[in-house]
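The values are calculated or read from the model by the stated rules, or taken from the named source; none is laboratory data. Note that this is a predicted model, so its numbers are computed, not measured. Every residue, glycine among them, receives a Cβ derived from its backbone with ideal geometry; neighbour counts consider all protein chains shown. Side chains are part of the model used for accessible areas, which takes the heavy atoms of the whole protein and leaves out ligands, DNA and RNA. Shrake-Rupley method; radii C 1.70, N 1.55, O 1.52, S 1.80 Å.
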Amino acid sequence: MNPASEPIITSGFPLGSSAGLVTAFEWLGQPYRITRVDMLGEMRTEPYKRLNGRVETPVLITGEGRVLTETMAIALWLEARDTERRISFEPGTPEADRLHQYIAFLNTGFTSAYTNLWVAFEAEDATEGEKETLRKFGRSLVAKRHEQLEAMIGDGDYLLGRKPSLADAVFAGVARWADFHQAIDPRDYPRIQALRQRVEADPAFRFALAVEDGQPAAGSGAMKGLVPLEEVLRG
Ligand SMILES: N[C@@H](CCC(=O)N[C@@H](CS)C(=O)NCC(=O)O)C(=O)O
(Lines give C-alpha, C1' and ligand atoms only; values in the text may rest on other atoms or scores of the structure.)
Protein backbone atom coordinates (compact mmCIF):
# COMPACT_ATOMS: atom_id res chain seq x y z
CA MET A 1 0.00 0.00 0.00
CA ASN A 2 1.22 3.55 -0.70
CA PRO A 3 2.49 5.23 2.46
CA ALA A 4 0.78 8.61 2.12
CA SER A 5 -2.27 7.34 0.38
CA GLU A 6 -5.91 7.98 -0.03
CA PRO A 7 -8.42 6.15 2.14
CA ILE A 8 -9.65 2.88 0.66
CA ILE A 9 -13.27 1.79 0.90
CA THR A 10 -14.49 -1.70 0.11
CA SER A 11 -16.97 -2.40 -2.65
CA GLY A 12 -18.55 -5.66 -1.53
CA PHE A 13 -20.26 -7.75 -4.15
CA PRO A 14 -22.82 -9.04 -4.83
CA LEU A 15 -25.24 -6.36 -3.59
CA GLY A 16 -23.04 -4.98 -0.80
CA SER A 17 -24.23 -2.17 1.38
CA SER A 18 -20.76 -0.67 0.70
CA ALA A 19 -22.26 0.80 -2.50
CA GLY A 20 -23.93 3.36 -0.26
CA LEU A 21 -20.62 4.49 1.20
CA VAL A 22 -18.97 4.56 -2.25
CA THR A 23 -21.83 6.87 -3.28
CA ALA A 24 -21.08 9.05 -0.26
CA PHE A 25 -17.37 9.21 -1.18
CA GLU A 26 -18.35 10.29 -4.70
CA TRP A 27 -20.60 13.03 -3.37
CA LEU A 28 -17.93 14.14 -0.88
CA GLY A 29 -15.47 14.61 -3.74
CA GLN A 30 -12.24 14.02 -1.78
CA PRO A 31 -9.64 11.57 -3.15
CA TYR A 32 -10.19 7.94 -2.26
CA ARG A 33 -9.64 4.48 -3.66
CA ILE A 34 -11.69 1.30 -3.75
CA THR A 35 -10.97 -2.36 -3.17
CA ARG A 36 -13.51 -4.83 -4.52
CA VAL A 37 -14.40 -7.69 -2.16
CA ASP A 38 -16.08 -10.89 -3.31
CA MET A 39 -18.26 -11.52 -0.29
CA LEU A 40 -18.92 -15.12 -1.26
CA GLY A 41 -15.23 -15.86 -1.79
CA GLU A 42 -12.24 -13.78 -0.66
CA MET A 43 -14.16 -12.32 2.25
CA ARG A 44 -14.27 -15.74 3.90
CA THR A 45 -10.49 -16.29 3.90
CA GLU A 46 -8.14 -16.04 6.90
CA PRO A 47 -6.35 -12.89 5.67
CA TYR A 48 -9.71 -11.10 5.38
CA LYS A 49 -10.68 -12.31 8.85
CA ARG A 50 -7.57 -10.54 10.12
CA LEU A 51 -8.79 -7.34 8.46
CA ASN A 52 -12.30 -7.62 9.86
CA GLY A 53 -12.83 -10.38 12.39
CA ARG A 54 -16.60 -10.18 11.88
CA VAL A 55 -16.11 -11.10 8.21
CA GLU A 56 -18.20 -8.32 6.77
CA THR A 57 -18.02 -5.36 4.45
CA PRO A 58 -17.86 -2.35 4.52
CA VAL A 59 -14.32 -1.71 5.71
CA LEU A 60 -12.43 1.55 5.43
CA ILE A 61 -8.65 1.77 5.50
CA THR A 62 -7.79 5.34 6.38
CA GLY A 63 -4.97 7.26 4.74
CA GLU A 64 -2.86 6.46 7.81
CA GLY A 65 -3.56 2.75 7.39
CA ARG A 66 -6.04 2.37 10.26
CA VAL A 67 -8.80 -0.15 9.71
CA LEU A 68 -12.31 1.12 10.47
CA THR A 69 -15.32 -1.17 10.26
CA GLU A 70 -19.08 -0.63 10.77
CA THR A 71 -21.19 1.58 8.53
CA MET A 72 -22.00 4.04 11.33
CA ALA A 73 -18.34 4.56 12.19
CA ILE A 74 -17.40 5.03 8.54
CA ALA A 75 -20.30 7.45 8.01
CA LEU A 76 -19.14 9.51 11.01
CA TRP A 77 -15.56 9.40 9.68
CA LEU A 78 -16.89 10.87 6.40
CA GLU A 79 -18.91 13.47 8.26
CA ALA A 80 -15.83 14.63 10.16
CA ARG A 81 -14.00 15.21 6.86
CA ASP A 82 -16.94 16.93 5.20
CA THR A 83 -15.95 20.42 6.31
CA GLU A 84 -17.73 21.90 3.29
CA ARG A 85 -20.93 20.17 4.46
CA ARG A 86 -21.63 18.60 1.11
CA ILE A 87 -23.21 15.45 2.56
CA SER A 88 -23.71 16.34 6.23
CA PHE A 89 -24.63 19.21 8.52
CA GLU A 90 -22.82 21.31 11.08
CA PRO A 91 -22.33 19.11 14.18
CA GLY A 92 -24.62 20.08 17.03
CA THR A 93 -27.40 21.38 14.81
CA PRO A 94 -30.90 19.82 14.68
CA GLU A 95 -30.17 18.80 11.06
CA ALA A 96 -27.06 16.89 12.17
CA ASP A 97 -29.10 15.15 14.88
CA ARG A 98 -31.71 14.13 12.30
CA LEU A 99 -29.01 12.91 9.95
CA HIS A 100 -27.65 10.65 12.70
CA GLN A 101 -31.16 9.47 13.54
CA TYR A 102 -31.79 8.45 9.93
CA ILE A 103 -28.42 6.72 9.55
CA ALA A 104 -28.92 4.83 12.81
CA PHE A 105 -32.41 3.67 11.81
CA LEU A 106 -31.25 2.65 8.34
CA ASN A 107 -28.19 0.82 9.66
CA THR A 108 -30.05 -1.01 12.45
CA GLY A 109 -33.81 -1.58 12.00
CA PHE A 110 -34.01 -1.17 8.24
CA THR A 111 -30.89 -3.20 7.37
CA SER A 112 -31.31 -5.94 9.94
CA ALA A 113 -34.91 -6.53 8.81
CA TYR A 114 -33.33 -8.49 5.95
CA THR A 115 -31.42 -10.91 8.20
CA ASN A 116 -33.98 -13.73 7.99
CA LEU A 117 -34.18 -13.39 4.21
CA TRP A 118 -30.39 -13.57 3.84
CA VAL A 119 -30.24 -16.55 6.21
CA ALA A 120 -32.92 -18.34 4.15
CA PHE A 121 -31.01 -17.53 0.97
CA GLU A 122 -27.64 -18.76 2.27
CA ALA A 123 -28.73 -21.69 4.47
CA GLU A 124 -27.43 -24.84 2.84
CA ASP A 125 -28.66 -27.38 5.35
CA ALA A 126 -32.11 -25.92 6.10
CA THR A 127 -35.25 -27.67 4.91
CA GLU A 128 -37.59 -25.92 2.46
CA GLY A 129 -40.10 -25.57 5.33
CA GLU A 130 -37.54 -23.85 7.56
CA LYS A 131 -36.55 -21.52 4.74
CA GLU A 132 -40.19 -20.62 4.07
CA THR A 133 -40.69 -19.77 7.76
CA LEU A 134 -37.63 -17.53 7.68
CA ARG A 135 -38.88 -15.88 4.50
CA LYS A 136 -42.34 -15.32 5.99
CA PHE A 137 -40.98 -13.54 9.09
CA GLY A 138 -38.36 -11.78 6.98
CA ARG A 139 -40.89 -10.32 4.56
CA SER A 140 -43.12 -9.15 7.40
CA LEU A 141 -40.22 -7.40 9.18
CA VAL A 142 -39.06 -5.74 5.96
CA ALA A 143 -42.62 -4.50 5.38
CA LYS A 144 -42.80 -3.12 8.93
CA ARG A 145 -39.52 -1.20 8.53
CA HIS A 146 -40.67 0.12 5.14
CA GLU A 147 -43.90 1.39 6.71
CA GLN A 148 -41.85 3.11 9.41
CA LEU A 149 -39.44 4.70 6.96
CA GLU A 150 -42.30 5.77 4.69
CA ALA A 151 -43.83 7.60 7.69
CA MET A 152 -40.50 9.30 8.50
CA ILE A 153 -39.93 10.71 5.01
CA GLY A 154 -40.98 14.33 4.52
CA ASP A 155 -41.80 16.31 1.38
CA GLY A 156 -38.22 17.05 0.30
CA ASP A 157 -36.49 15.36 -2.59
CA TYR A 158 -34.12 13.59 -0.19
CA LEU A 159 -34.30 12.29 3.35
CA LEU A 160 -33.06 15.60 4.75
CA GLY A 161 -34.53 18.08 2.34
CA ARG A 162 -33.33 19.25 -1.02
CA LYS A 163 -29.82 17.83 -1.19
CA PRO A 164 -28.51 14.30 -0.93
CA SER A 165 -26.71 13.43 2.29
CA LEU A 166 -24.99 10.53 3.98
CA ALA A 167 -28.43 9.24 4.96
CA ASP A 168 -29.51 8.86 1.32
CA ALA A 169 -26.24 7.09 0.55
CA VAL A 170 -26.68 4.57 3.38
CA PHE A 171 -30.30 4.10 2.29
CA ALA A 172 -29.37 3.40 -1.34
CA GLY A 173 -26.85 0.70 -0.46
CA VAL A 174 -29.54 -1.39 1.21
CA ALA A 175 -32.88 -0.35 -0.35
CA ARG A 176 -32.26 -2.45 -3.47
CA TRP A 177 -32.34 -5.65 -1.39
CA ALA A 178 -36.15 -5.38 -1.54
CA ASP A 179 -36.00 -6.28 -5.25
CA PHE A 180 -33.58 -9.14 -4.82
CA HIS A 181 -35.72 -10.78 -2.13
CA GLN A 182 -39.02 -9.62 -3.64
CA ALA A 183 -39.80 -8.72 -0.05
CA ILE A 184 -42.42 -6.03 -0.57
CA ASP A 185 -44.43 -4.36 -3.30
CA PRO A 186 -42.56 -1.07 -3.88
CA ARG A 187 -45.80 0.62 -4.96
CA ASP A 188 -47.03 0.33 -1.36
CA TYR A 189 -44.31 2.82 -0.32
CA PRO A 190 -44.46 5.72 -2.79
CA ARG A 191 -42.07 8.01 -0.90
CA ILE A 192 -39.45 5.27 -0.61
CA GLN A 193 -39.95 4.37 -4.25
CA ALA A 194 -39.49 8.00 -5.36
CA LEU A 195 -36.37 8.36 -3.21
CA ARG A 196 -34.91 5.16 -4.60
CA GLN A 197 -35.53 6.28 -8.16
CA ARG A 198 -33.87 9.63 -7.49
CA VAL A 199 -30.77 8.25 -5.75
CA GLU A 200 -30.40 5.23 -8.01
CA ALA A 201 -30.37 7.53 -11.07
CA ASP A 202 -27.60 9.63 -9.54
CA PRO A 203 -24.22 9.28 -11.31
CA ALA A 204 -22.53 8.60 -7.95
CA PHE A 205 -24.68 5.56 -7.27
CA ARG A 206 -24.42 4.40 -10.91
CA PHE A 207 -20.66 4.56 -10.48
CA ALA A 208 -20.81 2.55 -7.23
CA LEU A 209 -22.83 -0.16 -8.98
CA ALA A 210 -20.50 -0.28 -11.97
CA VAL A 211 -17.49 -0.77 -9.67
CA GLU A 212 -19.39 -3.43 -7.76
CA ASP A 213 -20.08 -5.22 -11.06
CA GLY A 214 -16.47 -4.90 -12.21
CA GLN A 215 -17.48 -2.65 -15.12
CA PRO A 216 -15.39 0.27 -16.34
CA ALA A 217 -16.90 3.53 -15.15
CA ALA A 218 -16.08 7.20 -14.90
CA GLY A 219 -17.01 8.67 -11.57
CA SER A 220 -16.62 12.19 -10.30
CA GLY A 221 -12.83 11.91 -10.53
CA ALA A 222 -12.41 11.58 -6.76
CA MET A 223 -11.76 7.83 -7.03
CA LYS A 224 -8.07 7.52 -7.71
CA GLY A 225 -7.89 3.83 -8.49
CA LEU A 226 -8.84 0.29 -7.68
CA VAL A 227 -6.57 -1.52 -5.24
CA PRO A 228 -6.46 -5.33 -5.42
CA LEU A 229 -7.75 -6.81 -2.18
CA GLU A 230 -4.56 -8.92 -1.91
CA GLU A 231 -2.57 -5.72 -1.68
CA VAL A 232 -4.83 -4.36 1.03
CA LEU A 233 -4.59 -7.60 2.98
CA ARG A 234 -0.79 -7.55 2.76
CA GLY A 235 -1.02 -4.20 4.60
N1 LIG B 1 -22.89 -3.97 11.30
C2 LIG B 1 -22.25 -3.99 10.01
C3 LIG B 1 -23.03 -4.91 9.11
C4 LIG B 1 -22.52 -4.94 7.71
C5 LIG B 1 -23.16 -6.02 6.88
O6 LIG B 1 -24.27 -6.49 7.15
N7 LIG B 1 -22.45 -6.43 5.85
C8 LIG B 1 -22.88 -7.50 5.00
C9 LIG B 1 -22.81 -7.13 3.55
S10 LIG B 1 -23.71 -5.71 3.16
C11 LIG B 1 -21.94 -8.66 5.16
O12 LIG B 1 -20.75 -8.48 5.04
N13 LIG B 1 -22.50 -9.84 5.48
C14 LIG B 1 -21.71 -11.01 5.69
C15 LIG B 1 -22.01 -12.10 4.71
O16 LIG B 1 -22.55 -11.82 3.65
O17 LIG B 1 -21.63 -13.23 5.02
C18 LIG B 1 -22.19 -2.60 9.44
O19 LIG B 1 -23.10 -1.83 9.66
O20 LIG B 1 -21.19 -2.27 8.77
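Report summary: the helix-based calculation at 222 nm, which adds -39500 (n - 2.57) for every DSSP H run with n ≥ 4 and divides by the residues of the chain, gives -14500 deg cm²/dmol.
Largest accessible area first, the residues 205, 137 order themselves as 137, 205 under a 1.4 Å probe with ligands, DNA and RNA left out.
Under the convention that each Lys and Arg Cβ holds +1 and each Asp and Glu Cβ holds -1, the size of the dipole of segment 94-202 around its Cα centre is about 300 debye. Identify which of 223, 152, 39 has the largest mean-square fluctuation in a Gaussian network model of the chain, with springs joining Cα atoms closer than 10 Å. Looking only at 223, 152, 39, the largest GNM fluctuation is found for 152. Diffusion coefficient (Stokes-Einstein, Kirkwood radius over C-alpha pairs, 4 °C, 1.567 mPa s) for segment 139-235: 85 µm²/s, rounded to a whole number.
Projecting the Cα atoms of 103, 89, 68 onto the charge dipole of the chain, computed from C-beta unit charges around the Cα centre, puts 89 farthest toward the positive end. Starting from the Cα of residue 144, draw a straight line to each of the lysines and keep only those under 16 Å, dropping any in the same chain fewer than 8 residues away. Filter leaves 136. As an equivalent ellipsoid, segment 19-110 spans semi-axes of 26, 16, 11 angstrom, where each value is the square root of five times an eigenvalue of the C-alpha gyration tensor, largest first.
Computed about its Cα centre, the charge dipole of the chain is approximately 240 debye, with only Lys, Arg, Asp and Glu carrying charge at their Cβ. When its C-alpha radius of gyration is set against 2.2 N^0.38 Å (N residues), the chain gives a value of 1.00. Taking 1.567 mPa s as the viscosity and 4 °C as the temperature, the Stokes-Einstein diffusion coefficient of segment 94-202 based on its alpha-carbon Kirkwood radius rounds to 89 µm²/s.
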